[in-house]
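K.L.:
Provided herewith is a single structure, encoded as structure tokens, for subsequent inquiry.
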Amino acid sequence: MPRIAALVVAAGSGTRAGQSLPKQYVPVGGKPLLHYSLRAFLAHEAIHAVQTVIAHEHTELFKQAVKGLTGLLMPSFGGATRQASVLAGLRGLAERVSPDIVLIHDAARPFLPAEVIDRLIAALERHDGAIPALPVVDTIKQVDENGVIVATPPRPTLRAAQTPQAFHFDTILQAHLKAAERPDIEFSDDAAVAEQAGLRVVVVEGAAILRKVTHGEDFAWAEDMARRLKA
């Protein structure tokens, strides 16, 4: 059986919607947002190790966020960008665990269904990487710098990407090391890093509950969802 690790990226320092804390530490349903995805990975029988990437100045917030959770690796400290933080986390995993597979997840997506993890792991039997995604329901317009429409991509070919994104560990580590040599390019997610390296990444069915929590209405939704899941 492959050795599988989860890497939860929680090094961001921004606040939104009037929150006084970085969003990954904002309480939702009585627990910091970060707590939920870590708990989901720890509860999954296929996951052997769970590592978090945090900002150094958030060490005490992190300690409070993981109270009641056991089995976590010591966190790695992130960089100035998400991409740099992921690379720091991958290096930490290479030193501590050396897994065969890694699932890279954003802490801002707290409610992680076990069946999504299952689909991602299964897809790696045939592909270099796999990401969960949802069909796009709105018509998407590509515009120029003046806001003028220049193209309308065909909606059936579009997907809204989510996390966690799963990869064979050695290949995504090498892809991130290669991407770090190109500071002029900013990659929006790990699948984009993989694509740049020529890896074959497949889309699997995502989940609406994997919604990213960012704005005020998202926190209200998360609070309601936490109550429902606890009921």
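The values are calculated or read from the model by the stated rules, or taken from the named source; none is laboratory data. Just so it is clear, the structure is predicted and the values come from calculations on it, not from any experiment. In this analysis, Cβ positions are derived from the backbone assuming ideal geometry, glycine residues included, and neighbour counts consider all displayed protein chains.
K.L.:
Identify all residues within segment 179-191 that are surrounded by fewer than 18 Cβ atoms within 10 Å (Cβ to Cβ) and either modelled with pLDDT of 95 or more or small (Gly, Ala, Ser) (or both); write none if there are none.
P.N.:
Within segment 179-191, Ala180, Ser188 meet the criteria.
K.L.:
Could you please let me know if Arg109 is surrounded by 15 or more Cβ atoms within 10 Å (Cβ to Cβ) and either within 30 Å of Arg182 (Cα to Cα) or in contact with a Gly (Cβ under 6 Å, 6 or more places away or on another chain) (or both)?
P.N.:
So Arg109 fits the description; yes.
K.L.:
Just the residues that are touching an Asp or Glu at 6+ places or on another chain (Cβ under 7 Å) and either of a type in the set (A, V, I, L, M) or modelled with pLDDT under 95 (or both), please, taken from segment 82-119.
P.N.:
Hits for segment 82-119 are Val86, Ile104.
K.L.:
What is the residue count in segment 218-231 for residues that are surrounded by fewer than 19 Cβ atoms within 10 Å (Cβ to Cβ) and in contact with a Phe, Trp or Tyr (Cβ under 9 Å, 6 or more places away or on another chain)?
P.N.:
Qualifying residue count, segment 218-231: 2.
K.L.:
Could you list, in sequence order, all residues of segment 77-90 that are touching a strand residue (DSSP E or B) at 6+ places or on another chain (Cβ under 7 Å) and surrounded by fewer than 23 Cβ atoms within 10 Å (Cβ to Cβ)?
P.N.:
Phe77, Arg82, Ser85, Ala88
K.L.:
A further question follows. Within segment 78-111, work out how many residues are closer than 19 Å to Phe169 by Cα and either in contact with a Cys (Cβ under 9 Å, 6 or more places away or on another chain) or not in a helix (DSSP H, G or I) (or both).
P.N.:
Residues that pass the stated criteria total 11.
K.L.:
Does segment 32-77 hold any residues that are in a loop (DSSP other than H, G, I, E, B) and either within 18 Å of Gly92 (Cα to Cα) or among the hydrophobic types (A, V, I, L, M, F, W, C) (or both), and which are they?
P.N.:
Listed by number, the residues that qualify are Ala46, Ile47, His48, Ala55, Val66, Leu69, Gly71, Leu73, Met74, Pro75.
K.L.:
Quick one: would you say Ala49 is surrounded by 24 or more Cβ atoms within 10 Å (Cβ to Cβ), of a type in the set (A, V, I, L, M) and within 22 Å of Ala84 (Cα to Cα)?
P.N.:
no
K.L.:
Regarding segment 143-159, can at least one residue be identified that is in contact with a Leu (Cβ under 9 Å, 6 or more places away or on another chain) and surrounded by 14 or more Cβ atoms within 10 Å (Cβ to Cβ)?
P.N.:
yes
K.L.:
Of the numbered conditions (1) at pLDDT below 95; (2) among the polar types (S, T, N, Q); (3) under 25 Å from Leu87 (Cβ atoms), Gln19 satisfies every one except a single condition; which is it?
P.N.:
(3)
K.L.:
Which condition does Lys178 not pass, out of (1) free of Cβ contacts under 8 Å to residues at least 40 places away in the same chain; (2) in a helix (DSSP H, G or I); (3) within 14 Å of the chain's Cα centre (by Cα), if it passes all the others?
P.N.:
Of (1) free of Cβ contacts under 8 Å to residues at least 40 places away in the same chain; (2) in a helix (DSSP H, G or I); (3) within 14 Å of the chain's Cα centre (by Cα), only one is false for Lys178: (3).
K.L.:
May I ask you to list the residues in segment 205-217 that are outside any loop (DSSP other than H, G, I, E, B), at pLDDT 95 or above and surrounded by fewer than 19 Cβ atoms within 10 Å (Cβ to Cβ)?
P.N.:
Glu205, Ala208, Ile209
K.L.:
Continuing with this model, one more query. Being within 19 Å of His105 (Cα to Cα) and either touching a Gly at 6+ places or on another chain (Cβ under 9 Å) or at pLDDT below 95 (or both) is the filter here, so list the residues in segment 154-178 that pass it.
P.N.:
Arg159, Ala160, Ala161, Gln162, Gln165, Ala166, Phe167, His168, Thr171, Ile172, Ala175
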